[in-house]
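So the structure is just underneath, and the comments pick up after that.
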Amino acid sequence: MRRTEVPRAEPRGGRGAWWRTTAFRITLLHLVLTLLGTLALSAVAWWATTGFALRQLAQEVERDSGVLLQAARLGGPASAALSIEARIAADRSGTQYFLLAGPEGQRLAGNLARAPRAPGWERLSLSGAGVQAELLALGTALPGGGFLVVGRDVAPVRQLEGFLLAAAGWVGGAALLLGLLGGGLVGRGVTRRAAAMEAALARVEAGEIGHRLPLRAGGDEFDRLAGRINATLDRVHALMATLRQVTDDIAHDLRTPLTRLRQRLEAALRSAEGDAAWRAATEAAVADCEHLLDIFAALLRIAQVESGARRAGFAPFDLSAVAEAVAEVHLPAAEARGQVLEARIAPGIVAQGDRDLVTQAVSNVVDNAVKHGRPGGRIVVELQPGPAGGAVLTVSDDGPGIPAGERQAVLQRFHRLDAARATPGTGLGLALVAAVAELHGMALSLGDNAPGLVVRLDIPGAPPGPPGKDGKAA
């Protein structure tokens, strides 16, 4: 069944996916920035600390190499060899490595078995005999053809790197937690402010036109935005009040002369017993006055419903009794057109709202089905419990129906189909139904009954508690 639904606001408690919220995005952005900052600081600390340690190690190698070269120049290879053995004996850490080679490459002193004879800095790897080390070595050619290699184990630097890695892990974890906490706090604040603004706007939408968004003393961007929205609401409220006052004044001012005109026409009608033409003209004028008065009454009622003023008097009432009464009232009109009006009303269904307005809305729907349904056709008024609580009211006929492209338009004021202009009516019946449905949070839809029209009202359930006398709250 193709359906056209009246636009409705999102449910008050509805929320989108949490990962689409501004709070989540703020938290994620805060976390990413915190992690990037932590990584940048860790990288700078890594580069500065390990670089400094390697430079210190290189300076020690250069200093020892310079001392040994001085010894070789002053006392020859023998003096350099004695100095090397003394340094090896004094090395408690086991990180100092030396090699003094003769002109033929033979080892004269040191704890390195062999080493490259190319001068300059090199990285050497030692393995074997339980020793596994990486050396930072400096090779230097000696006068007379010898070669000197001085090296240091870089294990302390590697230990420092491991410590920095562990520290970076702890710092990164702490930054992650702090980022989540900070982002969560910031996001929570944003969410609470947005929720407060949304709740205030929902109250305005629900009919509390005078309610305004909360303002704090901080004067941040949310307060400035709330101030702008409040100013806009004040302006809209003033315009609505002015428009409503003008409309009411026009309606009331015109109803009085129209009523007097009707009374005078009725008096003229009573005095025109002998003149058939005059009587017919007077009766037509009286009917026109009645039609105009009906229009003004309907407009005033729709304006009252749309203002939300009737919401304060909402109470539980017997919806089943209302539907049965409406069907019974319209039964004679249906029989006059040869129609069969069937009522399928589930007993004991209770709704929350204004009983009189709901009765008027249901009556308008049934009256519309009787007037525009097929003569000799069938009309079904059905009220059943809803699948998720509440109730579902449908009124269906087998008449010409309403084209799909017109179903939304007929819910507007004064809109009538071309085929319906020959029948009495104001074009306000379904507009009143739409206003009552919006006021009560009902979902109104018009669909194809194949043939005919089916009008459906999804009615929210009432809070626990039985209705009182006459279906009103006890």
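Read-outs: derived from the displayed coordinates by stated rules, not from any lab. Predicted, not measured: the structure shown is a model, and the values here were computed from it. Backbone-built Cβ (ideal geometry, glycine too); neighbour counts: all protein chains shown.
To make sure I understand, if each residue's beta carbon is the centre and we count other beta carbons within 10 Å, what order do F222, F317, F163 fall in, fewest to most?
So the residues, fewest neighbours to most, are F163, F222, F317.
The distance between label points at R264 and Q106 comes to 14.7 nm (points 7 Å beyond Cα on the Cα→Cβ vector).
Sorting the segments 185-194, 377-386 by their residues' average number of neighbouring beta-carbon atoms within 10 angstrom, most packed first, yields 377-386, 185-194.
The fewest-to-most ranking of R92, R228 by surrounding Cβ atoms within 10 Å reads R92, R228.
Can you put F147, F52 in order of Cβ neighbours within 10 angstrom, beginning with the fewest? Spell out each step's value before the answer.
Values: F147 20, F52 12.
So the ranking, lowest neighbour count to highest, is F52, F147.
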